[in-house]
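Trainee: Provided herewith is a single structure, encoded as structure tokens, for subsequent inquiry.
Only the coordinates and a few stated rules stand behind these numbers; no lab work does. Everything quoted here is computed from the prediction, not taken from an experiment. Cβ placement follows ideal geometry from the backbone for every residue including glycine, while neighbour counts extend to all protein chains displayed.
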Amino acid sequence: MASTEKDIKLTPHEKQVLELMAAGKLCAEIAEELGLKLQTIKWYRMRLREKFDATTSSELIHKATEQGLL
């Protein structure tokens, strides 16, 4: 069941967004907490999904957890 694991590199902001998503925060809450625009957070979320080849946020968090990034 384990897909081919990639050595995924995250930027500091990607890591912060991923951690806050895993904590159950909404994009608007993450934007406010990090002092970034909502569109910026949505862009980070999209990039994270691409990096992890995930179609949903829960799949993203699951894959990040499996790879020890959360």
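Trainee: Quick one: in segment 49-67, of everything that is in contact with a helix residue (DSSP H, G or I) (Cβ under 6 Å, 6 or more places away or on another chain) and either in a loop (DSSP other than H, G, I, E, B) or among the basic types (Lys, Arg) (or both), which residue is surrounded by the most Cβ atoms within 10 Å (Cβ to Cβ)?
Mentor: LYS63
Trainee: Can you run down the residue pairs with Cβ atoms below 7 Å, 6 or more apart or on separate chains, where the first is in segment 50-69 and free of Cβ contacts under 8 Å to residues at least 24 places away in the same chain and within 18 Å of CYS27 (Cα to Cα) and the partner is basic (Lys, Arg) and surrounded by 17 or more Cβ atoms within 10 Å (Cβ to Cβ)?
Mentor: ALA54/LYS63
Trainee: Now, a different point. Quick one: is LYS37 within 18 Å of GLN67 (Cα to Cα) and more than 8 Å from the chain's Cα centre (by Cα)?
Mentor: When the stated conditions are applied, LYS37 does not pass them.
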